[in-house]
Amino acid sequence: MEQPKLLLHTYFRSSCSARVRTAAHYKGIPLEYSYIHLLSSQQLSEEYKLRNPSASVPTLSFTTSSGQSVTIRQSIPILEFFEEYFPNTPRLLPPPSQPTERVKVRELVNIIASDLQPVTNLRVLRGVKKLSGGREEAPGEWAKEWMTRGLEAYDKVAEGYAGKYSVGDEVSMADVVLAPAVEGALRYGVDLEGVKTVKRVYENVRGLEAFRKGDWRHQGDTPVEFRVQDEQECSTGGL
C-alpha cells in the first residue's frame, strides 16, 4: 500500500495531539505538521472549522492513492487508523487473537480520553474561569482535582494489568494516551506518589525515543524557553 502524505494539525501543548505524534514516531509513520495555536484561538477561524467543526486538535488530513480526500478529527480514531492502515508497523493494540488483552488497553485509553481529558481541556478551563467570576486560580484548581481523579481511576484499574507498561510488558495505545495526560497533570501540581502504578509506567515510557519526540517539549511550535527548560530537566534528571 502506497504511503499517503499525512498532514497533522497540532498544538505543542495538546495532550490529544501528543498521542498521535507519539504513536506516529513509535510506528515510524512520517507526518507533516500544521501548527494551530490554541491560545491565540486559531482553531476558531472559519477556515479551520471547515476542516474540523469541533474547533479542536488534532486533525489528520491526507489523500489516498485513489485520490480520495480523508480527514480524521479525533485522536483515538487516528490511533485506530494507524493500527489498521499500517499493519506492518509495531503494534499498539494486542492482536485480534487476544480480545481480552485488547479490551484492557481500550478500557485504560478511555479512562483518559473519555473521563479525564474532556473535563480538563482548554475550552472547559476557560469556562470554569468565567463561571468563577474571573478568579485566576479557579482553572488550575479544577484541572488538578479532575486530573487527580482520572489518574487515580487509571491507577486502580492498571494495578491488575500492568507489567513494565500499562498492560503487560509491551508498549500499547494506553501508554501513548497516558504519558501526555501525566505531563499535563504534573503541570498542575498533581502528586504522583498517590498513583504508584501510573508513576512507574510513566517513568518507563518517558525515556523511550518515540515518547520523547512526541512530547510537548520537542515540537516545531514549542517556544524556545520550554525547550531550554527541558534540557535543564534532562541534565538534572527531574520530571
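The values are calculated or read from the model by the stated rules, or taken from the named source; none is laboratory data. All values derive from a computational prediction rather than experimental measurement. Here the Cβ positions follow ideal geometry from the backbone for every residue, glycine too, while neighbour counts run over all protein chains shown. Heavy atoms of the whole protein, side chains included, go into the accessibility calculation; ligands, DNA and RNA do not. Shrake-Rupley method; radii C 1.70, N 1.55, O 1.52, S 1.80 Å.
Inside segment 1-28, can you point out the residues that are open to solvent by 20 Å² or more (accessible area, probe 1.4 Å) and over 16 Å from T222 (Cα atoms)?
Answer for segment 1-28, where residues must be open to solvent by 20 Å² or more (accessible area, probe 1.4 Å) and over 16 Å from T222 (Cα atoms): M1, E2, Q3, K5, L7, H25, Y26, G28.
Answer yes or no as to whether V124 is in contact (Cβ under 8 Å) with a residue 40 or more places away in the chain and either closer than 19 Å to D155 by Cβ or in a helix (DSSP H, G or I) (or both).
Numbers: in contact (Cβ under 8 Å) with a residue 40 or more places away in the chain: no; either closer than 19 Å to D155 by Cβ or in a helix (DSSP H, G or I) (or both): yes.
Spelling it out, it is not the case that V124 is in contact (Cβ under 8 Å) with a residue 40 or more places away in the chain and either closer than 19 Å to D155 by Cβ or in a helix (DSSP H, G or I) (or both).
Listed residues R217, R212; which is open to solvent by 60 Å² or more (accessible area, probe 1.4 Å) and either within 19 Å of S75 (Cβ to Cβ) or assigned to a helix (DSSP H, G or I) (or both)?
That would be R212, the only listed residue that is open to solvent by 60 Å² or more (accessible area, probe 1.4 Å) and either within 19 Å of S75 (Cβ to Cβ) or assigned to a helix (DSSP H, G or I) (or both).
Say whether the condition of being open to solvent by 50 Å² or more (accessible area, probe 1.4 Å) and in contact with a strand residue (DSSP E or B) (Cβ under 7 Å, 6 or more places away or on another chain) is met by at least one residue in segment 87-108.
no
Looking for something on the phi > 0 side of the Ramachandran plot and over 19 Å from the mean Cα position of the chain (by Cα) - is there at least one such residue anywhere in segment 105-128?
No, that holds for no residue.
Among the listed residues G134, G67, identify the single one that is in a loop (DSSP other than H, G, I, E, B), free of Cβ contacts under 8 Å to residues at least 24 places away in the same chain and within 29 Å of L7 (Cβ to Cβ).
G67
Hey, any hits in segment 54-64 for a residue that's exposed (fewer than 12 other Cβ atoms within 10 Å of the Cβ) and touching a residue at least 60 places away in the same chain (Cβ under 8 Å)?
Within segment 54-64 (the criterion being exposed (fewer than 12 other Cβ atoms within 10 Å of the Cβ) and touching a residue at least 60 places away in the same chain (Cβ under 8 Å)), the answer is no, since none of the residues qualifies.
Within segment 137-153, which residues are out of contact with any Asp or Glu (no Cβ under 9 Å at 6 or more places or on another chain), of a type outside the set (K, R) and either surrounded by 14 or more Cβ atoms within 10 Å (Cβ to Cβ) or touching a residue at least 24 places away in the same chain (Cβ under 8 Å) (or both)?
Listed by number, the residues that qualify are A138, P139, G140, E141, W142, A143, E145, M147, L151, E152.
Kindly indicate which of L39, L31 is open to solvent by less than 80 Å² (accessible area, probe 1.4 Å), under 20 Å from the mean Cα position of the chain (by Cα) and of a type in the set (A, V, I, L, M).
Values: L39 fails: open to solvent by less than 80 Å² (accessible area, probe 1.4 Å).
When all the criteria are applied, what remains is L31.
Cβ-Cβ under 6 Å, sequence separation 6+ or interchain: first residue in segment 170-197 and at positive phi and surrounded by fewer than 24 Cβ atoms within 10 Å (Cβ to Cβ), partner modelled with pLDDT of 95 or more and among the charged types (D, E, K, R). Which pairs?
If the second residue must be modelled with pLDDT of 95 or more and among the charged types (D, E, K, R), the pairs left are G189/K144.
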